Every structure is written in C-alpha cells, then in structure tokens.
C-alpha cells in the first residue's frame, strides 16, 4: 500500500486559491484514475478536481466551504501495488530514510493531535478540530451541534458562529448537560442522570418565513451571492455616468446576411454580430488608451494589453464575463472563434478559472434579451463597459446629393457606462462615438 497526496492543482496564473464546495467522494470510497473527487470554486468559476491515481480515499484534509491554496494537499488516497507513478524531481528515497521520515511524521501527528475524536460518531474536518482545540471546545460540545454541511457536518462557519454565541451567551447548549455526557475513553455511569436532552439550535442564520404562506422563499446560490456582492461594491466604488449614441448598422446587417453561410462553411463557425462589434471596440481602445485602464486607490494603471471581457450566460442563468486576451491582435475570424469558444464553454459550464481573469474592458449584449439600451454596471477594477442594444428596423432620414429621403434603416443604441472619477464626459463620449464611427464605416466589400 502507498499513500498518495491529492493536491489542489494550478488553475491559471492569476488564481491562487479556491473554496471546496462539495466532496463527491467520502472516506472509504473507491476512486478510479481521472475520476472527480471534489468540486471547487474560485471567485467566478466552478470546477472539479480529479484523482491522478486509483485507490481508496482514506482522509479528507479540508471540509466543505474551506478555503484552500493552490498546491496544498486536500486528500489522501491509498493506492495498491506501491507508489503511484508521479513525476518528481527527487531521486527515490532509500528505505532507511523513508522509515525515519515516517517515524517523524507519526511523531508530528502525535504532538499536534488536538484531542481524541475517536469517541465521536461524527466526522470533523482538520480545520474544525484545530479551531476546537484552540478555543477549548470539547468533543461533547461538537457532538451537540447540528452542522449546516452535507449530512449535518460541522463547517468552519458553524463552529465560528458557535464560538461567537458562546462568548455572548446566546444559543449555547446547557453546559451541565454536556458535562454529564460520557467523554471519549470514559466509562458511562450505570444510572443515567435524569436530565432532559438539550434542544440545540442550528448555528446558522434562520430561514425567513413567509407571512401569508403563499410566497416562496429561495436562498441565493453561491454565484448569485458573489454577483450581488460585486455589483454593490462596484456602485459604491465608481461614480457611474452614461453616454448613449445611436448607430446605423445597415451595411453590417447586409454584409453578414451575404457572407454568413460561406463563413460557416469555410471556418466551421457561426458568424454573429458580436465579433464585429468587439473588433470595433478593440480598435477604439487603441485610439483611446485612457479607457483601457484600471484604478488602484489614488493610482491609475495603464494596461499594456487589450483584453475584452464579454458577458455570457451560465447553465443556471447567471452571467459570467470570460475574457478575450489581446483582442486587438485578432482578425474577424479569430475574434469569431474566440467569442464562440468562450460563449459555448460558458453555456456548458466548462470555463477555466483563468478564462475570466485579466479583463481590461467589458462588452455586454443587452440586445439579446430585446433591450433597446441599458445602463450596465462597471466590472471592477475596470473603468468602462459598453452595452449593445437590439438592432431594429426604424424610419430614418437618408441624406443624398439629390436631397433628403425617408427610408428604412437598421439601427441600434450603444450605452457606455464609465467611471467619472477618472474618465470625464469628453473621453467617455468620444470613445463610444469612435466605436459608432467604425461600425458605420464598415466595408461591405471586405473579405472575412
């Protein structure tokens, strides 16, 4: 038998930690190589951690909702047939050295063991055990708590809430009853004390109750809570102001109708309006680098690369913003492939954590939902976001050498939200006007 340490893998250059959201395997379960063991979440993307080996899960070093750093060991898997084939930079350790290290590890475990939890039928994560030791919480006290985790397990939030309540004297189980319970390795008295079993309240926030009985109360999921926090923080951070401009995109509509079939046949990709719009935004950002910045306290950071974020829908209906890196270096074909790839992976929940990092400016297509225009909230720490409205047929004045005429044109609104702390109206308005100029000057004879 050999013990394999399952570590939190690297998930991108800018991702350093993740939260465990669910254990897919429990202690004692058999695991096949490449089989998912647990689910994790970064601040935006959920993903699974597979096992590199086959074996039996013998230890979970972290519990649900625990925060884990990249490279930390999160579980121990016992394998058969010797040590698994894991690439290391060190030579094979001699048997004598390995035996010594094993002895040291056993000694460490003996010294650092918080207390004997063998007498409890419940599972406690190492983090919960350590907190219990530091706060002087007995096993009996832990047994008396009802956890909010899976199968009633006690999470970090549960024990911290219990500690807070105990200090304030609220919602704490009767200490006499706890003391009367047999402790681990202690023989129970022959005659049980006639004390009523304590009523323990869950150490979590109570669920609100509908007054009239007809309303349904649903707790926000993790992603919606994160989005809520981001939106509130953005509004409290940036001084939002908007500029609107109407754009004639008749030539773009006609050109796309003419080439979309050939484009899909040659490139194997659908040609939507989004990459055409993103191409114009990337050009405008090169013309106005003052929009391609971020703010850090009293400092402005000018971004070298133009990385365009695009709002996309997740399978659960929430929105996420994957990023097209170096968007200004892509031609229309490359932009279309990038837009379709990120959009499809967002819909199927296959985005990687690094796909949502490093954005310098964001575009959101509110026209997808039929909106004519919108006032989007800035994606911090960026300073601008552009909303694309629905394309509509409208009557318009057409200027010609022979005079003005009324005709049917395809038009849309661009809504530009920007941070008035660092972007004034001249820059914010000029930028969105330049995007409009690129769109209206679209070459109908261009190749894709």
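All of the numbers you see were taken from the coordinates with simple rules; none came from a lab. These figures come from a predicted structure and were not determined experimentally. Every residue, glycine among them, receives a Cβ derived from its backbone with ideal geometry; neighbour counts consider all protein chains shown.
Brief remarks follow.
- Label-point separation in nm, residue 245 to residue 433, each point 7 Å along Cα→Cβ: 0.7
- Annotation: for a label point projected 7 angstrom from Cα along Cα→Cβ of residue 300, residues of the stretch 366-383 with backbone N closer than 17 Å are 381-383.
- Cα gyration tensor shape of the stretch 223-440, rounded if a/c is under 1.5, else prolate or oblate by comparing a/b with b/c: oblate
- The stretch 276-326 - Rg over Rh from alpha carbon coordinates, Kirkwood radius: 1.06
- Spin-label pair residue 3/residue 225, simplified geometry with 7 Å Cα→Cβ offset, distance in nm: 3.3
- Each peptide in 215-226, 249-260 gets a packing score, the mean of other Cβ atoms within 10 Å over its residues, and the list from highest to lowest is 249-260, 215-226.
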